[in-house]
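**Student:** One structure, pasted below without further comment.
The values are calculated or read from the model by the stated rules, or taken from the named source; none is laboratory data. Only a predicted model underlies this, so the values are computations on that prediction, with no experimental measurement involved. Note that each Cβ is placed from the backbone with ideal geometry, even for glycine, and that neighbours are counted across all protein chains shown.
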Amino acid sequence: MTLSTTDTLLLADFINLKKDESFIEIGSGVGCLSFIVIDRQPDFKRAILVDIQEEPFRVLKRNIEENMLQERVTLVNRDARDLLVLFPKMSNSFDVVFTNPPHIVKGRGRLSPYTEKAVSNTELLLTLRDIAHIASYFLKIKGRLYMIHRSERLKEIITELDDFNLEVKRLCFVHTGKIRPSKRVLVEARKGGRPGIRVEPPIFL
């Protein structure tokens, strides 16, 4: 199992989507994460799935059509930052936003020579601050943002989310062994939430 697949499954287990709630997935790829969430909560109200890459989007579109979800799921093959312009009347109207975003800051580490992988892993087109801005724009007060990210960037995550009125409320650290440091952290933030973080028991892979 690849790390990206593991991240998807971990985040899916961490997300709590309730009946009649609406959601946005930023960077949906072929839709694996959203389909797990929908399978667990089929009575969702509506959703927007956005991904900038064309090939994964074609697969996503086919998957949505085969599952007859077109009436409730809107697909957007654009830069996620364009959502604010495309849906200006939908601000403050979603219950949940979730994402497995690019984890690597541009200019740090090696950049993959494969465009699709580079865009998925490195903040070439979408930064952590962009994620915070988009989530804050679309979430209702008390709406929730869920993400998985690198543990080493936790301070930056909390700071960026706080700048957009997103209060971190729940954390879960993921370890690849009991004596190894955490590589990933699952984050739940609440728009307009009160201070106070619950740290869940760690996950050991």
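**Student:** Restricting to the stretch 19-35, and then to whatever is under 26 Å from residue 133 (Cβ atoms) and not small (Gly, Ala, Ser), can you tell me which residue is surrounded by the most Cβ atoms within 10 Å (Cβ to Cβ)?
**Tutor:** Applying the filter and picking the extreme gives 24.
**Student:** How many of the residues in the stretch 131-177 are within 26 Å of residue 78 (Cα to Cα), touching a Pro at 6+ places or on another chain (Cβ under 9 Å) and of a type in the set (Val, Ile, Thr)?
**Tutor:** 2
**Student:** Out of (1) modelled with pLDDT of 95 or more; (2) in contact with a Lys or Arg (Cβ under 7 Å, 6 or more places away or on another chain); (3) assigned to a loop (DSSP other than H, G, I, E, B); (4) surrounded by 13 or more Cβ atoms within 10 Å (Cβ to Cβ), what's the single condition that is false for residue 43?
**Tutor:** Here residue 43 meets the rest and fails (4).
**Student:** Looking at the stretch 65-83, can you tell me whether even one residue there is assigned to a helix (DSSP H, G or I), touching a Gly at 6+ places or on another chain (Cβ under 9 Å), of a type in the set (A, V, I, L, M, F, W, C) and at pLDDT 95 or above?
**Tutor:** Within the stretch 65-83, one or more residues are assigned to a helix (DSSP H, G or I), touching a Gly at 6+ places or on another chain (Cβ under 9 Å), of a type in the set (A, V, I, L, M, F, W, C) and at pLDDT 95 or above.
So that you can scan it fast, the table gives a plain yes or no per residue for (1) touching a helix residue (DSSP H, G or I) at 6+ places or on another chain (Cβ under 6 Å); (2) more than 19 Å from residue 83 (Cα to Cα):
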{"site": "17", "(1), (2)": "yes, yes"}
{"site": "20", "(1), (2)": "no, yes"}
{"site": "33", "(1), (2)": "yes, yes"}
{"site": "38", "(1), (2)": "no, yes"}
{"site": "43", "(1), (2)": "no, yes"}
{"site": "48", "(1), (2)": "no, no"}
{"site": "54", "(1), (2)": "no, no"}
{"site": "59", "(1), (2)": "no, yes"}
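**Student:** I've got another one for you. So how many residues does the stretch 74-99 have that are polar (S, T, N, Q), in contact (Cβ under 8 Å) with a residue 60 or more places away in the chain and either buried (at least 19 other Cβ atoms within 10 Å of the Cβ) or out of contact with any strand residue (DSSP E or B) (no Cβ under 8 Å at 6 or more places or on another chain) (or both)?
**Tutor:** Residues flagged as polar (S, T, N, Q), in contact (Cβ under 8 Å) with a residue 60 or more places away in the chain and either buried (at least 19 other Cβ atoms within 10 Å of the Cβ) or out of contact with any strand residue (DSSP E or B) (no Cβ under 8 Å at 6 or more places or on another chain) (or both) within the stretch 74-99 amount to 1.
**Student:** Pull up the stretch 8-40, narrow it to residues that are in a loop (DSSP other than H, G, I, E, B) and of a type in the set (Asp, Glu), then point me to the one that is farthest from residue 98 (Cα to Cα).
**Tutor:** This residue is 20.
**Student:** Out of 143, 196, I need the residue that is out of contact with any Cys (no Cβ under 8 Å at 6 or more places or on another chain) and surrounded by 13 or more Cβ atoms within 10 Å (Cβ to Cβ). Which one?
**Tutor:** Answer to the selection: 143.
**Student:** Moving on. Just give me the residues in the stretch 155-205 being β-branched (Val, Ile, Thr), in a strand (DSSP E or B) and farther than 12 Å from residue 10 by Cβ, in sequence order.
**Tutor:** Listed by number, the residues that qualify are 168, 199.
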